[in-house]
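Please read the structure below before turning to the comments.
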Number of protein chains: 2
Amino acid sequence: MVNHNLDGAVEKVIANSEFTLHENLVAGLRQLVIDGVLASGQRIPEAELCQRFGVSRTPLREALKVLGAQGLMQLRPNRGAIVTPLDPGDILPIFEVKGALERLIGLSAAERANDMDIDAMSALHLELGAALQKGDIRQYTELNYAFHKRLSQIPRNAHLRQSYDDLQQRIWRYRFLVNESFSRVADSFAEHEQIMIALRARTPLDLAARLESHNARTCEAMTDAARGAAQDPRFGAIA
Amino acid sequence: MVNHNLDGAVEKVIANSEFTLHENLVAGLRQLVIDGVLASGQRIPEAELCQRFGVSRTPLREALKVLGAQGLMQLRPNRGAIVTPLDPGDILPIFEVKGALERLIGLSAAERANDMDIDAMSALHLELGAALQKGDIRQYTELNYAFHKRLSQIPRNAHLRQSYDDLQQRIWRYRFLVNESFSRVADSFAEHEQIMIALRARTPLDLAARLESHNARTCEAMTDAARGAAQDPRFGAIA
DNA sequence: GCGTCGAAAAATGAATACAATCTTGCCTTG
DNA sequence: CAAGGCAAGATTGTATTCATTTTTCGACGC
């Protein structure tokens, strides 16, 4: 049998009783997919997951349906679910939409940001700088995610935040593509510098433009990396 | 007991064997919510829906979880699900995001539209004109939905199409707000005229600008209508 | 009369049981 | 030896059952 390395993290998630079992299952499974523990294209064996999570098939399947509806898994009738395979061709479309939303985030955030927002962003920006100094690209990537997520909350538009987060999670699965390109990370940080300046200045058009530009460059870097890594096993065996 | 008027339409949906039972249930339930058959804030009685759809609670609950994750229903632990109440305060945020996506749709559609796309849009535009002539505002509203949906497909970006469709469905629940304002419908058609011109001319910036403007005006009209109809029972009893 | 407590009824959450479908492996057959 | 088919096992889909929680409603006390 295949070892999925599910031990540890998951059980903790499930034990979190602040949320319902269903919510924990959805979050836990999503994490497994996004973190790549369940590989792209991999078959999802219900029985095994049930054992791991310590629940029966009923709640597990409810969670699978939710992830299926969100596009993270493909539910094939009578043939089980598979983790939606990563597709290099998806990178550009996702970034296109993400860029459109980031433009709105920029326009809106520049107008609605309060001091707490800017402090929080500044703190994240500092941490990003520290991660860059240390050359810890993995941590930089995670902080980068948090940076943009926090920014998306400034407009205080729940629909915007959710739509944006959806896209961020989709692209997050491809993050291994940039994990090693140090030069891009340095450029990225320089762009963040400009973003912070525009945010502090509260200039909507400028902030929006810088975000769009940052988005486009990140997209370019990922697309390039995908070209080079088309044979990467993480792009999914079964497809 | 309350009569939910579920007869008819639903059973047909379920009988559609091209899709799985689960898919039909999700689509059927969503339709009930979007069409207002299950009113805003209304409690969802599992047992009754099971009878109506002729299925057991297991697949029905799977569908409810999906709709809950999509924000159409609120799943309250141990207390059943309710249809997410309509909130006039949601109109503006939804339109903001929708506007950002329509801008992208415009930019992209102007570049990627082929003759078939433009023919299809022209046909819908003609139908819209006919509905306006007849004064059939209900039909106009439905065709308007189809018009924008078809437009969103022109960029051939699945992520864009899906994100946009999500938002369109959310706002569609508020459509009763414009069902009676004839003057707005006439204005709307005039704006569509300009949109078609820009689409045929394939001028990205112009098309994007006209779509954004159209979106903003529609938002304004709905917001106004919401102010006047704050007491409308459709805004949800329970809340 | 009003509020509170408590038991019965109803509804939800999860596990188990059953049915239908697919997969696997072996056997047959050309 | 290859191809097809059939039966056994495994897996998925749905129904049913059991456990837990909430709601209802009537009795009781203030």
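The values are calculated or read from the model by the stated rules, or taken from the named source; none is laboratory data. Just so we're clear, the structure is a prediction, and the values are computed from it rather than from any experiment. Cβ coordinates were reconstructed from backbone atoms using ideal geometry, including for glycine residues, and neighbour counts include every protein chain displayed. Keep in mind that these areas ignore ligands, DNA and RNA; they rest on the heavy atoms of the full protein, side chains included. Shrake-Rupley method; radii C 1.70, N 1.55, O 1.52, S 1.80 Å.
Per-residue answers, yes or no, for (1) more than 30 Å from A:P85 (Cα to Cα); (2) at pLDDT 90 or above; (3) surrounded by 14 or more Cβ atoms within 10 Å (Cβ to Cβ):
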site: A:A190; (1), (2), (3): yes, yes, no
site: A:I195; (1), (2), (3): yes, yes, yes
site: A:L199; (1), (2), (3): yes, yes, yes
site: A:L205; (1), (2), (3): yes, yes, no
site: A:R217; (1), (2), (3): no, yes, yes
site: A:D224; (1), (2), (3): no, yes, yes
site: A:I238; (1), (2), (3): no, no, no
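Just one of the listed residues (A:D90, A:D119) is over 30 Å from B:F19 (Cα atoms) and surrounded by fewer than 21 Cβ atoms within 10 Å (Cβ to Cβ), namely A:D119. Inside region B:72-87, residues that are open to solvent by less than 40 Å² (accessible area, probe 1.4 Å) and either facing chain A (nearest Cβ under 9 Å) or more than 9 Å from DNA strand C (Cβ to nearest atom) (or both) make up a count of 7.
Under the condition of being in a loop (DSSP other than H, G, I, E, B), more than 21 Å from A:V97 (Cα to Cα) and open to solvent by less than 40 Å² (accessible area, probe 1.4 Å), the residues counted in region A:158-187 number 1.
If you take the residues in region A:33-64 that are touching a strand residue (DSSP E or B) at 6+ places or on another chain (Cβ under 9 Å) and of a type in the set (A, V, I, L, M), which one is nearest to the other protein chains (Cβ to nearest Cβ)? Here the answer is A:L64. Only one of the listed residues (A:A216, A:A190, A:A120) is assigned to a helix (DSSP H, G or I) and within 14 Å of chain B (Cβ to nearest Cβ). That residue is A:A216. Quick check: anything in region B:152-168 over 23 Å from B:A130 (Cα atoms) and of a type in the set (G, A, S)? Yes. The lone criterion from (1) in the same structural domain as B:S213 (by TED's automatic domain parsing); (2) among the β-branched types (V, I, T); (3) within 16 Å of DNA strand C (Cβ to nearest atom) left unmet by B:I105 is number (3). Taking B:V13, is it at pLDDT below 95 and either over 15 Å from the mean Cα position of the chain (by Cα) or under 30 Å from B:R200 (Cα atoms) (or both)? Judged against the criteria, B:V13 is a match.
Of everything in region B:38-61 that is within 11 Å of DNA strand C (Cβ to nearest atom) and touching a residue at least 24 places away in the same chain (Cβ under 8 Å), the residue that is surrounded by the most Cβ atoms within 10 Å (Cβ to Cβ) is B:L49. Checked against (1) part of a helix (DSSP H, G or I); (2) open to solvent by less than 40 Å² (accessible area, probe 1.4 Å), A:P155 meets all criteria but (1).
Against the conditions (1) farther than 28 Å from A:A69 by Cα; (2) within 14 Å of another protein chain (Cβ to nearest Cβ), B:S152 satisfies every one except (1).
Within region B:94-102, is even one residue β-branched (V, I, T) and open to solvent by 10 Å² or more (accessible area, probe 1.4 Å)? No.
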